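J.: Would you mind keeping the following structure in view while I ask a few things?
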Amino acid sequence: MKARLLQYLRATDTYLSGEELSVELGVSRVTVWKHIQALQELGYDIQAGPKGYLYRGGNDFLYPWEFGERESLIHHFPSIGSTMEKARELGRTGAPDQTLVISEKQTKGRGRMDRVWASAKGGLYFTLLLRPLLPAVSGFLVNFITSVALTRAIREETGIEAQVKWPNDILVDEKKLSGMLSEMETRGEMVSFICIGIGLNVNNDPQHREPGAVSLKKLLGHEVNRRQLLLRFLDNISESMANPDYDNAVANWKQYTMTIGRQVRIVTTQNTHYGKALDVDETGALLLEQPDHTVKKVYYGDCFHN
Ligand code: BTN
């Protein structure tokens with residue numbers, strides 16, 4: 001009902017009477033009024049007066065009914081601890097492939113390696129639940145595919161030449177625009193589901209807490225529509241996962257990376273490794289040429305470009 005009501009209201013820049021809307025929607029005028037009030041309470045700017053109702057703008061809402069056919073897959077929260085926990089819970093209770101948990105802000109946003117992910121209003125914070133038919137040992141390939149889908153979505157929607165830093169950060173001019181946290185549950189040797197959490201600095205201002213971070217708003221000098229960007233990403237990832245090219249997942253990701261060829265520092269929970277990033281192999285590991293010219297495979301860690 002909300003989706004249809006919004007469709008009528010957005011299709012015109014003149015007032016629509018309660019009578020017209022009740023006929024179009026096949027409900028009473030009181031029901032129309034109740035839905036209008038509910039939308040107003042959710043933040044929609046709808047003017048109500050003697051001539052009827054006028055939609056006054058605002059198109060960047062992340063409510064489920066704003067996602068068309070995907071509506072039933074979207075779980076939206078005004079605030080949540082972390083979308084990761086909710087997505088895992090949904091995964092364990094059988095939620096379908098491509099379920100999406102999204103929140104306007106997070107109070108316990110988590111980053112990789114036990115870091116906090118600051119999640120103020122204006123950014124995109126979501127976890128996508130995927131159920132690929134894959135052995136668990138190959139589950140990491142989905143992270144590479146997702147990174148590519150997101151990088152492309154950013155490029156397509158904003159024209160910004162976003163690049164990926166191993167393993168899954170998205171940077172612009174060395175500043176972090178987006179981070180990804182991936183958690184997998186298995187059944188026997190197969191993937192049961194993967195929760196891919198993405199934090200993307202869109203219209204929030206991450207710089208004052210994280211000097212090495214940047215937002216799309218800062219880069220472009222104006223706000224960016226989060227819903228359109230998210231929809232583009234969802235279209236990209238659905239297309240990729242409908243017919244996944246696992247053989248070329250890493251190769252495709254390499255087209256967008258800025259890590260290979262760079263002098264890097266990799267910090268793991270136990271060690272710090274230095275060297276030149278030679279390549280990323282088919283297991284997703286970074287091949288690091290160390291100062292003594294030996295090549296070390298690094299499987300995880302935080303990568304810093306020197
Ligand atoms: C990183 O770069 O360290 C990964 C950051 C991942 C943040 C996202 S925001 C949505 C989802 N929920 C979380 O608590 N974390 C991920």
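J.: Could you give the dipole magnitude of the range 64-254 about its Cα centre, charging the beta-carbon of Lys and Arg +1 and that of Asp and Glu -1, in debye to the nearest 20?
T.: Working: 24 positive and 24 negative charges, 115 e Å.
Dipole about the Cα centre, nearest 20: 560 debye.
J.: Enter the mean projected area of the convex hull around the alpha-carbon atoms of the range 263-305, in nm², rounded to one decimal. Show your work: numbers first, answer last.
T.: Details: hull surface 10.8 nm².
Answer in nm², one decimal: 2.7.
J.: What is the percent carbon and sulfur in the accessible area of the chain, measuring with a 1.4 Å probe over the protein chains and ignoring ligands?
T.: Of the solvent-accessible surface of the chain, carbon and sulfur hold 48 percent.
J.: Sticking with this one: Could you compute the net charge surrounding Gly94? Neighbours are other residues with a C-beta less than 13 Å from the C-beta of Gly94; K and R count +1, D and E count -1. Walk me through the intermediate numbers first.
T.: Numbers: positive: Arg88, Arg92, Arg131, Arg187; negative: Glu89, Asp97, Glu185.
Net local charge, Gly94 excluded: +1.
J.: Next question, about the same structure. Any idea what the alpha-carbon Rg over 2.2 N^0.38 Å comes to for the range 64-254? All intermediate terms of the calculation are to be shown ahead of the outcome.
T.: Values: Rg = 15.5 Å, N = 191, 2.2 N^0.38 = 16.2 Å.
With N residues counted in the range 64-254, Rg over 2.2 N^0.38 Å equals 0.96.
J.: Now for a separate question. In the range 263-305, if the dipole is taken from +1 on Lys/Arg beta carbons and -1 on Asp/Glu beta carbons about the Cα centre, which of Thr294, Ala277, Phe304 is farthest to the positive end?
T.: Sorting the options by dipole projection puts first Phe304.
J.: Another question, then. Per-residue ellipticity at 222 nm for the chain, helices alone: DSSP H runs ≥ 4 residues times -39500 (n - 2.57), over residue total, nearest 500 deg cm²/dmol? Intermediate results must be reported in sequence, preceding the final value.
T.: Numbers: 8 runs with 87 residues, N = 306.
When only DSSP H runs of four or more count, the value is -8500 deg cm²/dmol.
J.: Round to the nearest 10 and give me the degree value, 0 to 90, for the angle of helix 226-242's Cα axis relative to the longest principal axis of the chain.
T.: 60 degrees
J.: With point charges of +1 on the Cβ of Lys and Arg and -1 on the Cβ of Asp and Glu, referenced to the Cα centre of the range 12-113, which listed residue (Thr107, Pro50, Gly26) lies farthest in the positive direction of the dipole?
T.: Checked the options; the winner is Thr107.
J.: Just to confirm, what accessible area per residue do you get for the range 2-55 at 1.4 Å probe, in whole Å²?
T.: Numbers: 3130 Å² over 54 residues.
Solvent-accessible surface per residue comes out at 58 Å².
J.: At a Förster distance of 30 Å, what's the computed FRET efficiency of Arg265 paired with Val137, Cβ-Cβ distance as r, to 0.05? It would help to have the intermediate numbers written out before the result.
T.: Numbers: r = 28 Å, r/R0 = 0.93.
After rounding to 0.05, the efficiency reads 0.60.
J.: For Thr257, list long-range residues whose amide hydrogen, built 1.01 Å from N in the peptide plane, is under 5 Å from its own amide hydrogen.
T.: Val164
J.: Follow-up question, since we're still on this one. Take Tyr246, project a point 7 Å from its Cα along the Cβ direction, then tell me which residues of the range 260-288 have their backbone nitrogen under 19 Å from it.
T.: Answer for the range 260-288: 281-285.
J.: Could you work out the relative contact order of the chain, using alpha carbon pairs under 8 angstrom and six or more residues apart, expressed as a whole percent?
T.: 13 percent
J.: Viscosity 0.692 mPa s, temperature 37 °C: what is the translational diffusion coefficient of the range 2-55 from Stokes-Einstein with a Kirkwood Rh over Cα pairs, rounded to a whole number of µm²/s?
T.: Numbers: Rh = 10.8 Å.
Calculated translational D: 304 µm²/s.
J.: If you don't mind, there's one more thing I want to ask. Post the alpha-carbon centroid distance, the range 230-306 to the range 100-133, in whole angstrom.
T.: First find each Cα centre; the distance between them is then 21 Å.
The values are calculated or read from the model by the stated rules, or taken from the named source; none is laboratory data. Bear in mind that the values here come from a model prediction, so they are computed numbers and not experimental data. Backbone-built Cβ (ideal geometry, glycine too); neighbour counts: all protein chains shown. The area values use the complete protein model at the heavy-atom level, side chains included, leaving out ligands, DNA and RNA. Shrake-Rupley method; radii C 1.70, N 1.55, O 1.52, S 1.80 Å.
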